[in-house]
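Report on the structure given below.
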Amino acid sequence: MAEEGVAVNRRTLSSLPERERRAIEAFLKRVRRAYPQRVKQMRLFGSKARGDSNADSDIDILLVVDEEDWRFRHAISNVAADVSLAYDVLVEPRVIGQARWDEMRRHRFALYENVQAEGVGLVSAGSA
């Protein structure tokens, strides 16, 4: 169940095991609560979004943020590690600043193309 201030794309998450859904929702909640102004969008991508994951697949989540810095990236990694341990899954955040994301879009980087093709929006700037 989505927590207060967290918008979750339920249709996509319904195909995932309950433990993974709860882990994603916990991650989203913690990030949005701790950094409500910094996160512009979060998208599930990779095998979980495509629906071809297996027991060893991680949960790839893209976070587009206002600006990149190593302290913020480290803080997000800590949240992911805590959630991963609590739910016995592997949450793999990919933190990218808005300026870099825009550059990736302009130059059609593979990551950008993959996220656009297979990614599923979890939250956006107006969701929290």
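For the chain, what is the Kirkwood estimate of the hydrodynamic radius, computed as the reciprocal of the mean inverse distance between distinct Cα atoms, to one decimal in Å? Before the final figure, lay out each step's value.
Values: mean 1/r = 0.0685 Å⁻¹.
About 14.6 Å for the chain.
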Can you run phi through the Karplus equation (6.51, -1.76, 1.60; θ = phi - 60°) for segment 72-88 and list ³J(HN,Hα) in whole Hz, with x for Gly and Pro?
-> 5, 4, 5, 4, 5, 4, 5, 4, 4, 5, 4, 5, 4, 5, 5, 10, 6
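So what is the relative contact order of the chain, in percent, for Cα pairs below 8 Å that sit 6 or more residues apart?
Once divided by the residue count of the chain, the mean separation gives 35 percent.
Order the peptides 30-42, 66-78 from the highest to the lowest mean number of other Cβ atoms within 10 Å of their residues. Kindly include the intermediate steps, with their values, before the conclusion.
Details: 30-42: 17.8, 66-78: 13.6.
Going by the mean number of other Cβ atoms within 10 Å, highest first, we get 30-42, 66-78.
All of the numbers you see were taken from the coordinates with simple rules; none came from a lab. Worth saying up front: this structure is predicted, and the values here are computed from it rather than measured. We place every Cβ from the backbone using ideal geometry, glycine too, and count neighbours over all the protein chains shown.
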